[in-house]
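No lab work stands behind these numbers, since they all come straight from the coordinates. Keep in mind that what you see is a predicted model, and the values were worked out from it rather than measured. Neighbour counts run over all protein chains shown; Cβ positions are idealised from the backbone, glycine included.
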Amino acid sequence: MDAMIQVRDLRKTYQMGDIEVPALRGVSFSIQRGEFVAIMGPSGSGKSTLMNLLGCLDTPTAGQYILDGLPVDQLERNLLASVRNRKIGFVFQQFNLLPRQTALENVALPLVYLGGVPSEERLGRARDVLKQVGLGERMEHKPKELSGGQQQRVAIARALITRPALLLADEPTGNLDSTSSVEIMALFEELHRRGMTVVVVTHEPDIAAHAQRVISVHDGLLHSDGPPAVAITSSAAPIAHEPARQRLSRTRRPALIPIRRST
Ligand code: ADP
Ligand code: MG
């Protein structure tokens, strides 16, 4: 067993004035190195809260989080930031690119924060990752000169430049048309094939079907954990004239295994 992520009874309660919002109410699971996992669940179920904790962007109210062998749940803010910079690549729904910087400059930026990488090497590595995501011809473009799908590729390149152990993406296709969404998921699949541990939040079953495993969250608790309900296999290749809905149901797998909750 070579766990990248181990969380145990992870909880997060937001304080809004006098009101407590229990966004995560105790979740436990592990993700092994090299796994490709989708996290699903209705809006407001705690997916982003969970991702922000996994991404070391926030600290839990209670519970344990061991990332790549390192207990990170109790780390103070600046140490947490340093773990995040070294270990994690994060991709957001809003691409969060700096509008006045070129694709190349946006991608090189995390190496500035990481420190100790000379400017020539920063740009060289930025060129390499932009080529890897298929944007070798667009390096000097500003974000507004790129399509949504291309901007998300820049954001993925920026997440990869620090050579993270773990790639997290919170609804990365939420702002994309279906063609770009499939391309972005294909890119995650490719990164997974090359050994990256990938965790992607989505609420679209056909997007989740790209993953090996789907963890679903309901109301701040784990609801199910298992293979995707809809498998994309060679036998699921689109057949002309067959409605998409029918194609999907044809490949439906057995129902997800419900989580047994410990009392
Ligand atoms: P999801 O990503 O699944 O839509 P979130 O994790 O964003 O869900 O939110 C889970 C719950 O926590 C929701 O009830 C939401 O309103 C609440 N929440 C999220 N972020 C905050 C915050 N910063 N302050 C207060 N409540 C929050
Ligand atoms: Mg969310």
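Table for the structure above
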{"read-out": "For the chain: relative contact order, % (alpha-carbon pairs under 8 angstrom, 6 or more apart)", "value": "23"}
{"read-out": "Label-point separation, Ser28 to Val112 (7 Å along Cα→Cβ), nm", "value": "4.5"}
{"read-out": "Mean separation of Cα contacts under 8 Å, 6 or more apart, over the residue count of the stretch 1-77: relative contact order %", "value": "38"}
{"read-out": "Radius 15 Å from Cβ of Glu145, net charge of other residues (Lys, Arg +1; Asp, Glu -1)", "value": "+2"}
{"read-out": "Inter-part distance where the stretch 214-228 and the stretch 123-168 are each reduced to a Cα centre, Å", "value": "31"}
{"read-out": "Prolate/oblate/rounded label for the stretch 128-193 (Cα gyration tensor, a/c 1.5)", "value": "oblate"}
{"read-out": "DSSP bridge pairs, the stretch 92-244: antiparallel proportion in percent, nearest 5", "value": "50"}
{"read-out": "Net charge of neighbours whose Cβ lies under 13 Å from the Cβ of Val198, counting Lys and Arg as +1 and Asp and Glu as -1", "value": "0"}
{"read-out": "Cα convex hull of the chain - mean projected area over all directions, nm²", "value": "16.2"}
{"read-out": "Cα-based reach from Lys131 at 20 Å (exclusive), listing aspartates and glutamates while leaving out same-chain residues under 8 positions away", "value": "Glu105, Glu120, Glu121, Glu140, Glu145, Glu183, Glu189, Glu190"}
{"read-out": "Environment charge at Thr59 (Cβ cut-off 13 Å; Lys +1, Arg +1, Asp -1, Glu -1)", "value": "+1"}
{"read-out": "In the stretch 131-219, GluC sites (Glu not before Pro) in a DSSP loop with at most 12 other beta-carbon atoms within 10 Å", "value": "Glu137, Glu140"}
{"read-out": "Positive-pole candidate from Gln94, Leu187, Gln15, dipole of the chain, charges at beta carbon", "value": "Leu187"}
{"read-out": "Net dipole in debye of the chain [+1 Lys, Arg Cβ; -1 Asp, Glu Cβ; about Cα centre; nearest 20]", "value": "320"}
